[in-house]
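A short write-up of the structure that comes next.
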2 protein chains.
Amino acid sequence: MPATIRDIAKRLGISVSTVSYALNGGPRPVPEEVRRRVLEVARELDYRPNRLARSMVTGKTETIAVVPPMVTRNMLRSPYIHATLSSIADAVGEHGYDILLHTSAAPMDDVRLVQSLLSGKVDGIVLIAPLSTSQVPEEIRRRNVPCVVISARVEGLPSVCADNATGVFAAMDWLYAHGHRRFGFVGGPPAFYDARQRLLAFRRYLEEHRLPLRGEWIAEGDFTAAGAVAGARAMLNSPEPPTAILAANDETAAGILQVAQELGVCVPTDLSVVGFDDTPFAQMLSPRLSTIRQPLEQMAVEAVGMLMTWIEQRECPVEEERKLPTELVLRESTAPAPGLSS
Amino acid sequence: MPATIRDIAKRLGISVSTVSYALNGGPRPVPEEVRRRVLEVARELDYRPNRLARSMVTGKTETIAVVPPMVTRNMLRSPYIHATLSSIADAVGEHGYDILLHTSAAPMDDVRLVQSLLSGKVDGIVLIAPLSTSQVPEEIRRRNVPCVVISARVEGLPSVCADNATGVFAAMDWLYAHGHRRFGFVGGPPAFYDARQRLLAFRRYLEEHRLPLRGEWIAEGDFTAAGAVAGARAMLNSPEPPTAILAANDETAAGILQVAQELGVCVPTDLSVVGFDDTPFAQMLSPRLSTIRQPLEQMAVEAVGMLMTWIEQRECPVEEERKLPTELVLRESTAPAPGLSS
DNA sequence: TTGTACGCGTTATCAT
DNA sequence: ATGATAACGCGTACAA
């Protein structure tokens, strides 16, 4: 069994407090002589402080929880969640913190999740894209635990989001300038803030430019390639199919590409497709996917920075929301509208 | 501040032990009447047990650490690490455990990592593909902490690996049967167990079939697409290039495909390429990548199972190593050797 | 300057 | 049979 400060104290015939002070350069000075001998004995006994005991008295665990939108099997498999988690991990590492990942076989009910989060294992929480239907953010906010939200907006919690609207507008501007007038949209589950924002921007663009919108040109996916297939198929099989489709994320775009190939629709000659996120596999699709890039690393850095501030200053940062710019990345899935010479 | 069992006890005029027994269905029976009132007051005060305090006395944290090969920025970005982590998360969730992920800005030196791991924050450890140069496994083994290794072999620690050799042989058998005689190999860093095993199997196959091997036909990559470029280029530019190349993993294969396209070498007509792992993006490459599938989910389940056994029975499982079968997945990057009619 | 008590939950052990 | 208490481990305010 590991040695404790008591063992060291006993060995040297001094008190535990002196040992603690010596080890931590504690709030009270310790004679150099004593300090040396304490460190010596500590090494000798292979002393390692029990971090649980330490955390209990300091109230710090040097750990933050990262909570994906849903705690369920396979959640980490989404490239977006994965990329975000990686970025958070990197950002958190800069501050010397570890990450606690909640896992659960059964979809965990929100209340239990929160109980678990607030029971002392973490100093703070990063919520990734919490669903609008989730009770989690509200429960956390009520208890005043340091928490930052990525890719969603929650009343009373600081958040970092991508500028969805500007991204959608940039993509549609490019397409419009290249002759496209019939736009389709395959969205994501409306419980996601990003999915709502992107759809809203899409509709707004059409209105502002007095462009037509047919019922089949809008479909709801589920942020997966498979979930985009039905909607994309209906869209491309309709009597007057769109010449450009915006996807709510890159996986959805992959599904659209798949359907296009299956139907013999050539991308980008007959159809332009634009994704969202620019997760690594956007470049590996064929044709390489044009997409709207979210600055995930930057978002993670900012979110973690805000969280650290809250944890250290012990009060919620005043700035409530930060919106980071997106960027249109043009690759091979976009081209001028069919029938245009240029 | 949160309520404690003491608050509940005081409120009801009973002892803390009774409260604890009532809350946990503790080792000693509690009158139904009392139990009801305890639960009532607990709810009333929004009592949540301090998990740190609980862990300190039970010695369980219900958390396991997952350690990637190197603790450094971007480590989680590898599709293989990511897929493995996801699988472990799912498997661990089945047992009601959480995951602790160590992060670090600076590459953490092994000793500090181990200190951190062994200081009481976790009940067990899963090492993902530890490097042969790492001190971590040995340090852990010495201290007799529950630990399982995935994708490597460590003396004295139970491990779960893929059957690399059989996979390589299956791929080469198929290629051989389809007329290929000149084989190339772009490997991974030899510090990785899997990289060594795959290269070994490759060499052994050539020997057993008395096939030629030229110097340029073997290159060392770094498990990334970019890292495969130089070797693949040299290989394909050599006077007598191989007709089939095995890659140490899917990303390496992606790099080879890239080089082939750049040099105007048509895959699979002129060149067959086989990857390893079957991470999700193998199917998204163009042409869709033939690859040797590792059963990562299964490996994670087995590894976590062994770890749980160790944690619960408090002694290292006798079975030291488990080797899970790989599977050749044929897609579009493989074809009969050029010049063969069939 | 040194030692002690406190906080936190669980449970063995002592006291009733 | 049930109620009360000490011990576990650490950091640190406070008493001695």
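Quick notes
- Boolean, A:Leu330 is in contact with a strand residue (DSSP E or B) (Cβ under 7 Å, 6 or more places away or on another chain), within 30 Å of A:Gly231 (Cβ to Cβ) and at pLDDT 90 or above: yes
- Test: residue in the range B:18-30 that is in a helix (DSSP H, G or I), of a type in the set (Val, Ile, Thr) and within 12 Å of DNA strand D (Cβ to nearest atom): yes
- Restricting B:Glu332, B:Glu319 to those that are over 22 Å from B:Ala83 (Cα atoms) and in contact with a Lys or Arg (Cβ under 8 Å, 6 or more places away or on another chain) reduces the list to B:Glu332.
- Residue within the range B:90-103 that is touching a Gly at 6+ places or on another chain (Cβ under 7 Å), under 20 Å from A:Ala89 (Cα atoms) and not assigned by TED's automatic domain parsing to the domain that holds B:Phe276 present: yes
- Taking the criterion of being more than 27 Å from A:Glu62 (Cβ to Cβ) and assigned to a loop (DSSP other than H, G, I, E, B), the residues of the range A:131-164 that qualify are A:Leu131, A:Ser132, A:Thr133, A:Gln135, A:Arg153, A:Glu155, A:Asp163.
- Single condition A:Gly25 does not satisfy, out of (1) on the phi > 0 side of the Ramachandran plot; (2) in the same structural domain as A:Leu101 (by TED's automatic domain parsing): (2)
- Leading residue by the ranking (nearest to B:Val273 (Cα to Cα)) among those in the range B:298-327 that are out of contact with any strand residue (DSSP E or B) (no Cβ under 6 Å at 6 or more places or on another chain) and among the aliphatic types (A, V, I, L, M): B:Ala300
- Candidates A:Val265, A:Val304, filtered to the one that is of a type in the set (Val, Ile, Thr) and either part of a helix (DSSP H, G or I) or at pLDDT below 95 (or both): A:Val304
- Check on B:Ser116, under 15 Å from B:Ala303 (Cα atoms), within 10 Å of chain A (Cβ to nearest Cβ) and out of contact with any strand residue (DSSP E or B) (no Cβ under 6 Å at 6 or more places or on another chain): no
- Subset of the range A:299-321 that is free of Cβ contacts under 8 Å to residues at least 24 places away in the same chain and β-branched (Val, Ile, Thr) - its residue that is surrounded by the most Cβ atoms within 10 Å (Cβ to Cβ): A:Thr309
- Scanning the range B:86-113 for residues that are within 7 Å of chain A (Cβ to nearest Cβ) and in a helix (DSSP H, G or I) yields B:Ser86, B:Ala89, B:Asp90, B:Val92, B:Gly93.
- Residue list for the range B:150-207, restricted to those being closer than 18 Å to B:Thr334 by Cβ, among the β-branched types (Val, Ile, Thr) and in contact with a helix residue (DSSP H, G or I) (Cβ under 6 Å, 6 or more places away or on another chain): B:Val168, B:Val186
- So B:Tyr47, is it aromatic (Phe, Trp, Tyr) and within 12 Å of DNA strand D (Cβ to nearest atom): no
- Number of positions in the range A:202-220 that are buried (at least 19 other Cβ atoms within 10 Å of the Cβ) and of a type in the set (Gly, Ala, Ser): 1
- Residue count for the range A:180-195, restricted to those that are free of Cβ contacts under 8 Å to residues at least 60 places away in the same chain and surrounded by 17 or more Cβ atoms within 10 Å (Cβ to Cβ): 2.
Quick grid of which residues meet (1) buried (at least 23 other Cβ atoms within 10 Å of the Cβ); (2) under 22 Å from the mean Cα position of the chain (by Cα); (3) outside any loop (DSSP other than H, G, I, E, B):
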{"position": "B:Leu200", "(1), (2), (3)": "no, yes, yes"}
{"position": "B:Asp222", "(1), (2), (3)": "no, yes, no"}
{"position": "B:Val229", "(1), (2), (3)": "no, no, yes"}
{"position": "B:Ala234", "(1), (2), (3)": "no, no, yes"}
{"position": "B:Thr252", "(1), (2), (3)": "yes, yes, yes"}
{"position": "B:Gln258", "(1), (2), (3)": "no, no, yes"}
{"position": "B:Asp270", "(1), (2), (3)": "no, no, no"}
{"position": "B:Thr291", "(1), (2), (3)": "yes, yes, yes"}
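Yes/no matrix, rows are residues, columns are (1) touching a strand residue (DSSP E or B) at 6+ places or on another chain (Cβ under 9 Å); (2) outside the structural domain of A:Ser116 (by TED's automatic domain parsing); (3) touching a residue at least 12 places away in the same chain (Cβ under 8 Å):
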site	(1), (2), (3)
A:Ala9	no, yes, no
A:Ser15	no, yes, no
A:Ser20	no, yes, yes
A:Glu32	no, yes, no
A:Leu45	no, yes, yes
A:Pro49	no, yes, yes
A:Pro68	yes, no, yes
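- Any hit, the range A:71-78, residues being more than 30 Å from A:Arg314 (Cα to Cα), free of Cβ contacts under 8 Å to residues at least 12 places away in the same chain, within 14 Å of DNA strand D (Cβ to nearest atom) and surrounded by 14 or more Cβ atoms within 10 Å (Cβ to Cβ): no
- Scan the range A:34-68 for residues that are within 16 Å of DNA strand C (Cβ to nearest atom), within 9 Å of chain B (Cβ to nearest Cβ) and either more than 30 Å from A:Val149 (Cβ to Cβ) or not in a loop (DSSP other than H, G, I, E, B) (or both) and the total you get is 8.
- Selection within the range B:1-33 - more than 8 Å from DNA strand C (Cβ to nearest atom) and under 23 Å from A:Asp123 (Cβ atoms): none
- Flag if A:Arg77 is of a type in the set (D, E, K, R) and under 24 Å from B:Ala300 (Cα atoms): yes
- Extreme residue, nearest to A:Tyr176 (Cα to Cα), among residues of the range A:268-301 that are among the small types (Gly, Ala, Ser) and at pLDDT 95 or above: A:Ser272
The values are calculated or read from the model by the stated rules, or taken from the named source; none is laboratory data. Predicted model, so just to flag it, every value in this text is computed and none were measured. For neighbour counting, all protein chains shown are included, and Cβ atoms are generated from backbone atoms with ideal geometry for every residue, glycine included.
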